[in-house]
2 protein chains.
Amino acid sequence: MKKLYGIGTGPGDKELLTLKAVKTIKEASVIFAPNNKGKNIALDTAEDYLHNKKVVLIDFPMGKVEKEDYIKAAEIIYNEIPEGECGAFLTIGDPMVYSTFIYIVEELENIKIDVEIVSGIPSFVASAARTKTPLTVKGDTFILCDEFKEELLNYADSICILKTLKNKENILNTFENNDFKYNYIKRCTWNEEKVLSERKDIIKDSDYISLILGRKTSK
Amino acid sequence: MKKLYGIGTGPGDKELLTLKAVKTIKEASVIFAPNNKGKNIALDTAEDYLHNKKVVLIDFPMGKVEKEDYIKAAEIIYNEIPEGECGAFLTIGDPMVYSTFIYIVEELENIKIDVEIVSGIPSFVASAARTKTPLTVKGDTFILCDEFKEELLNYADSICILKTLKNKENILNTFENNDFKYNYIKRCTWNEEKVLSERKDIIKDSDYISLILGRKTSK
């Protein structure tokens with residue numbers, strides 16, 4: 001049987017790789033990553049362990065990706081892994097959090113590739129550390145989303161919103177009306193990392209790889 | 001100045017330590033951990049790097065812990081770290097997720113100890129990997145809590161509930177009525193790890209170090 005490890009490489013800091021990620025990447029016969037047509041953070045994070053490794057970049061169409069695209073990706077992976085050996089699919093953050101890899105798992109299992117997930121540090125966890133914002137203390141609820149709804153603040157003690165590009169101003173207004181303090185963290189743990197807490201700076205910024213982390217001020 | 005690293009050791013698997021956790025533990029002059037009066041998972045996970053290290057266990061009273069207890073803990077930490085050196089406080093999972101460490105951070109900063117957080121893999125992230133349950137795909141909301149409320153299911157695509165000891169039956173009923181599939185994961189990544197998906201097995205079990213991870217079946 002062929003085996004594929006879905007490996008979370010964490011937020012981007014090479015030191016936030018887990019020992020298991022390093023070991024598994026070293027052991028893999030072939031490395032896969034989505035073809036980002038530019039900077040590839042997952043590959044960059046793991047670069048120290050990729051010498052002389054075969055790296056296969058998998059193309060996904062721009063815009064809406066269809067089931068057939070995932071089937072095709074699974075087939076490429078199947079064909080590239082030699083019988084009885086294993087491959088490693090690298091994904092930024094954690095494979096179970098807003099990743100392309102999730103969609104491929106089912107297709108891989110359908111064609112009898114054994115899949116094991118190696119967790120990585122998600123960006124929202126790294127951002128909480130960076131800003132010393134608790135995600136939860138006893139009795140708390142934490143919410144993670146990429147589409148903000150005001151009602152969520154009725155339940156959240158801390159909340160993290162990814163991909164806030166379009167409606168940052170609305171999010172900040174709602175936070176302020178509901179007594180949530182906030183930080184905007186872009187490219188967490190990268191050299192280019194920036195933490196913004198001033199409303200005007202946050203609204204001005206337009207980095208896709210960013211998130212807003214809010215916490216009830218009564219907390 | 002003295003510095004303390006708050007280090008997440010992850011769910012318990014030694015291989016899920018990050019490279020940064022290992023490096024920071026090795027460099028620390030003194031290691032701190034809460035005194036659990038028994039098995040100490042954070043220390044066990046890091047044991048390979050603790051040879052000849054001074055380890056200070058910090059007592060917290062049973063039941064309700066008061067602000068003075070955290071002030072006292074911060075003072076112990078201050079006194080144990082030699083001037084200009086650094087210490088490491090080990091905490092299972094991630095320091096910003098349901099940890100005692102969160103309460104100490106403020107007290108440490110009040111007495112001018114520099115604090116840096118080193119993220120760890122939280123148990124809910126490891127459990128998602130173990131059961132191949134997506135926490136979020138595009139458009140999804142994920143909720144983490146330790147006190148379950150039925151209304152949360154109106155907003156969650158995936159939900160993780162910690163410390164479910166008392167009301168597992170109620171949680172499972174609510175999940176079933178709302179078309180959530182679920183797994184109960186105890187001691188994730190430990191040798192004693194168990195994943196239960198049968199209602200009767202879950203209700204029978206009474207392990208404190210466990211969680212329930214649910215996901216909408218339409219997903």
Worksheet item: Restricting attention to segment A:44-51, does a residue exist that is touching a Cys at 6+ places or on another chain (Cβ under 9 Å) and of a type in the set (Phe, Trp, Tyr)?
Response: no
Practice prompt. Could you tell me whether B:Val115 is more than 28 Å from A:Ile7 (Cα to Cα), of a type in the set (A, V, I, L, M) and at the interface with chain A (Cβ under 8 Å from one of its Cβ atoms)?
Written response: yes
Discussion item. Taking the conditions exactly as written (among the hydroxyl-bearing types (Ser, Thr, Tyr) and more than 24 Å from A:Asp13 (Cβ to Cβ)), does B:Tyr98 satisfy them or not?
Written reply: no
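Here's the yes/no breakdown for (1) among the aliphatic types (A, V, I, L, M); (2) assigned by TED's automatic domain parsing to the domain that holds A:Glu193; (3) over 24 Å from A:Glu192 (Cα atoms):
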residue: A:Gly10; (1), (2), (3): no, no, no
residue: A:Glu15; (1), (2), (3): no, no, no
residue: A:Leu19; (1), (2), (3): yes, no, yes
residue: A:Phe32; (1), (2), (3): no, no, yes
residue: A:Lys39; (1), (2), (3): no, no, no
residue: A:Leu43; (1), (2), (3): yes, no, no
Worksheet item: Of all residues in segment B:132-168 being more than 24 Å from A:Val65 (Cβ to Cβ) and among the polar types (S, T, N, Q), which is modelled with the highest pLDDT?
Response: B:Asn154
Discussion item. Give me the residue from segment B:169-208 that is surrounded by 20 or more Cβ atoms within 10 Å (Cβ to Cβ) and either modelled with pLDDT under 95 or among the β-branched types (Val, Ile, Thr) (or both) and, out of that set, nearest to B:Leu135 (Cα to Cα).
Written reply: B:Ile185
Worksheet item: When residues of segment B:119-132 are filtered for being surrounded by fewer than 24 Cβ atoms within 10 Å (Cβ to Cβ) and facing chain A (nearest Cβ under 7 Å), how many remain?
Response: 1
Practice prompt. Looking only at segment B:77-111, count how many residues are loosely packed, with under 13 Cβ neighbours inside 10 Å and among the hydrophobic types (A, V, I, L, M, F, W, C).
Written response: 1
Item to complete: Could you pull out the residue among B:Leu135, B:Leu152, B:Leu144 that is closer than 17 Å to A:Ile159 by Cβ, aliphatic (A, V, I, L, M) and surrounded by fewer than 24 Cβ atoms within 10 Å (Cβ to Cβ)?
Response: B:Leu152
Worksheet entry | Residues (touching a residue at least 40 places away in the same chain (Cβ under 8 Å) and of a type in the set (Gly, Ala, Ser)) located in segment B:17-44 | B:Ala21, B:Ala28, B:Ser29, B:Ala33, B:Ala42
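Any idea which residue in segment A:1-16 is nearest to the chain's Cα centre (by Cα), counting only those that are touching a residue at least 40 places away in the same chain (Cβ under 8 Å) and outside any strand (DSSP E or B)?
First pass over segment A:1-16, keeping only residues touching a residue at least 40 places away in the same chain (Cβ under 8 Å): A:1-13, A:16.
With outside any strand (DSSP E or B) added as a condition, the list becomes A:1, A:9, A:11-13, A:16.
On the way: A:Met1: 28, A:Thr9: 9, A:Pro11: 7, A:Gly12: 10, A:Asp13: 13, A:Leu16: 13 Å.
Restricting to residues being touching a residue at least 40 places away in the same chain (Cβ under 8 Å) and outside any strand (DSSP E or B), the top hit is A:Pro11.
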Fill in: Test for B:Ile161: is it outside the structural domain of B:Met96 (by TED's automatic domain parsing), in contact (Cβ under 8 Å) with a residue 40 or more places away in the chain and not in a strand (DSSP E or B)
no
Worksheet item: Tally time: how many residues in segment B:137-158 are at the interface with another protein chain (Cβ under 7 Å from one of its Cβ atoms) and part of a strand (DSSP E or B)?
Response: 5
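Which of the strands (runs of 3 or more DSSP E) contained wholly in segment B:171-219 include at least 3 residues that are under 15 Å from B:Leu152 (Cβ atoms)? Break it down stepwise before answering.
Numbers: elements: B:180-186, B:194-196, B:210-216.
So the answer is B:210-216.
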Worksheet item: For segment B:63-85, how many residues are hydrophobic (A, V, I, L, M, F, W, C) and touching a Lys or Arg at 6+ places or on another chain (Cβ under 9 Å)?
Response: 2
Worksheet item: For segment A:146-182, which residues satisfy the criterion of being touching a helix residue (DSSP H, G or I) at 6+ places or on another chain (Cβ under 8 Å) and under 17 Å from A:Ile209 (Cβ atoms)?
Response: A:Cys160, A:Ile161, A:Leu162, A:Thr164, A:Lys168
Worksheet item: Which condition number in (1) under 23 Å from the mean Cα position of the chain (by Cα); (2) within 11 Å of chain B (Cβ to nearest Cβ) is the one that A:Glu107 fails?
Response: (2)
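Of B:Lys26, B:Lys20, which residue is in a helix (DSSP H, G or I), within 14 Å of chain A (Cβ to nearest Cβ) and buried (at least 20 other Cβ atoms within 10 Å of the Cβ)?
Only one candidate qualifies: B:Lys20.
Residue-wise test of (1) among the small types (Gly, Ala, Ser); (2) within 14 Å of another protein chain (Cβ to nearest Cβ).
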position: B:Ile58; (1), (2): no, no
position: B:Lys64; (1), (2): no, yes
position: B:Ala74; (1), (2): yes, no
position: B:Tyr78; (1), (2): no, no
position: B:Gly87; (1), (2): yes, no
position: B:Tyr98; (1), (2): no, yes
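The values are calculated or read from the model by the stated rules, or taken from the named source; none is laboratory data. Values in this document were obtained by computation on a predicted structure and should not be read as measured data. Backbone-built Cβ (ideal geometry, glycine too); neighbour counts: all protein chains shown.
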